Amino acid sequence: MTQFSLTDDQIAVRDMALAFAADNLAPHALEWDEKKHFPVDVMREAAALGMAAIYTRDDVGGSGMTRLDAALIFEALATGCPAVSAYLSIHNMAAWMIDRYGSDEQRQRYIPRLATMELIASYCLTEPGSGSDAAALKTKAVRDGDHYIVNGVKQFISGAGTSDIYVTMVRTGEEGASGISTLVIEKDMPGVSFGAQEKKMGWNAQPTAAVIFEDVRVPVANRLSDEGQGFKIAMSGLDGGRINIGACSLGGAQSALDKALAYTGDRKAFGRRIADFQALQFKLADMATELECARTFLWRAASALDAKALDATKLCAMAKRMATDVGFQVANDALQLHGGYGYLADYGVEKIVRDLRVHQILEGTNEIMRLIVARDLVGRGNR
């Protein structure tokens, strides 16, 4: 990528994802939201186009693309349904963690089936008592010969109950980050169960529940990397996850802006199109400008992650905070521009607002994003 433009291949990838969203997601998004339907069959169609293992290596069936490619894809898919796009981003993150930190045997065992979504993956870090303070997690894995005995509860897990594998952070050692390891836990292992489906403000097109581990025997062969590396693995996964969820916010917001442009162009008040009123033109201009600024910076952060830049973690945190805040605000402004009609489900804008609100919380709250950035800035004085 040159500094401010996409390559022909990147444009083709984005256009493919936009077409898929328009044909396969957008026409059903309101129904899926209302019925709380998880469209696994449609996601498998996306997987057939290479969108389930985007930045995993191609020797085991991944697409071998870049983080910037992934950001383009998730933004495009989110124009059709942010909730479905966001779930695909989580699946991709879990697949990448196995690809990046797993043994060759683990990669061969899981990635080909994750790439087709024959297997669906979830990411398990958050617990009832540890959200932002992820290093305080309590789920325990005690070594017993060639197995770990796992006990604990993970909270707010997307895909819980439907997903086949759960990339799970567990405590194998002392308190704090250094005592955490990562296990790939399979749904059908005895002792794995799930809580009731959560009733949520948005993201209704994907299930969310607690994952419960009661004396689950997990082979040591299912551990990613060495003991004690789990916190590092979890955080490196989140760098990319933050780019992905920021991209989903941009796609949802772009859809809301497009709806607002269409509505204000048709709606008349006081004998004129409301798009002809200067105050509303200024609002539309600000929405488009903020969205473009966030998009450009997100591309910058994705490129830094691809380049393994030293400041990639900070830039990913910045981009996540900016893109999710801007995305929600643009969607909320689009609802306001619709007036009373924006509050009705039929127009689809209120769904986007509900879906995008959680993006400011998950993959690390935006307050935690500020903390990551601030620690980097303040820490410079000690280097």
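The values are calculated or read from the model by the stated rules, or taken from the named source; none is laboratory data. It should be emphasised that the depicted structure is a prediction, and the values quoted were computed from it without experimental measurement. For neighbour counting, all protein chains shown are included, and Cβ atoms are generated from backbone atoms with ideal geometry for every residue, glycine included. In case anyone asks, the SASA skips ligands and DNA or RNA and just uses the protein heavy atoms, side chains included. Shrake-Rupley method; radii C 1.70, N 1.55, O 1.52, S 1.80 Å.
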*asked:* As a test of the formula, what do you get for the chain when each DSSP H run with n ≥ 4 contributes -39,500 (n - 2.57) and the sum is divided by the residue count, at 222 nm and rounded to the nearest 500 deg cm²/dmol?
replied: -16500 deg cm²/dmol
*Grab the alpha carbons of the stretch 55-209, take their convex hull, and tell me the volume per residue in Å³.*
127 Å³
*Report, to the nearest 10°, how far helix 8-20 tilts away from the longest principal axis of the Cα atoms in the chain, using its own Cα long axis and a range of 0 to 90°.*
80 degrees
*Helix 230-266: angle to the longest alpha-carbon principal axis of the chain, degrees 0 to 90, nearest 10?*
20 degrees
*Which aspartates and glutamates does Lys140 reach when only Cα atoms under 20 Å apart count, and residues fewer than 8 places away in its own chain are ignored?*
Glu127, Glu174, Glu175, Glu186, Asp188, Glu214, Asp215, Asp226, Glu227
*Between Ala285 and Asp9, what FRET efficiency follows from the Cβ-Cβ distance if R0 is 25 Å, with the result rounded to 0.05?*
0.20
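Distance cut-off 19 Å, Cα to Cα: go down the list Lys200/Lys351; Lys199/Lys351; Lys138/Lys200 and report the pairs above it. It would help to have the intermediate numbers written out before the result.
Values: Lys200/Lys351 12 Å; Lys199/Lys351 15 Å; Lys138/Lys200 25 Å.
Cα-Cα > 19 Å for Lys138/Lys200; rest within.
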*Largest first and to the nearest Å, give the Cα extent of the stretch 97-140 along each principal axis.*
35, 20, 17
*Determine which aspartates and glutamates satisfy two conditions relative to Lys35: a Cα distance under 17 Å, and not lying fewer than 8 residues away in the same chain.*
Glu198, Asp346, Glu350, Asp355
*For the stretch 100-214, give the magnitude of the charge dipole about the Cα centre (Cβ charges: +1 Lys/Arg, -1 Asp/Glu; no others), in debye to the nearest 20.*
280 debye
*Grab every C-alpha pair in the stretch 1-123, bin the distances at 5 angstrom width from 0 up to the longest one, and report whole percents.*
2, 12, 23, 22, 18, 12, 7, 3, 0
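Which translational diffusion coefficient, to the nearest whole µm²/s, is obtained for the stretch 55-140 from the Stokes-Einstein equation, given a Kirkwood hydrodynamic radius over C-alpha pairs, 25 °C and 0.890 mPa s?
173 µm²/s
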_Distance (nanometres) between label positions extended 7 Å along Cα→Cβ at Asp59 and Ala135_ = 3.4 nm
*Compute the length gained on full extension between Glu174 and Ala309: take 0.36 nm times their separation in residues and subtract their Cα-Cα distance, giving the result in nm to one decimal.*
45.5 nm
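Throw me the Rg/Rh for the stretch 224-267, computed over C-alpha atoms with Kirkwood Rh, two decimals.
Ratio of gyration radius to Kirkwood radius: 1.44.
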*Compactness relative to 2.2 N^0.38 Å, alpha carbon Rg of the stretch 229-362*: 1.21
*Over the chain, with every protein chain in place, what whole percent of the accessible area is carbon and sulfur at 1.4 Å, could you tell me?*
53 percent
*asked:* Run the reach check for Lys314 against lysines, Cα to Cα strictly under 22 Å, same-chain hits fewer than 8 apart removed. What comes back?
replied: Lys232
*If r is the Cβ-Cβ distance from Arg143 to Asp188 and R0 is 25 Å, what FRET efficiency results, to the nearest 0.05?*
0.65
*How much accessible surface does Ile372 have with a 1.4 Å probe, in Å² rounded to 10?*
40 Å²
*Which of the chymotrypsin sites (Phe, Trp or Tyr not before Pro) found in the stretch 1-62 are loop residues per DSSP with 10 or fewer other Cβ atoms within 10 Å of their Cβ?*
Phe4
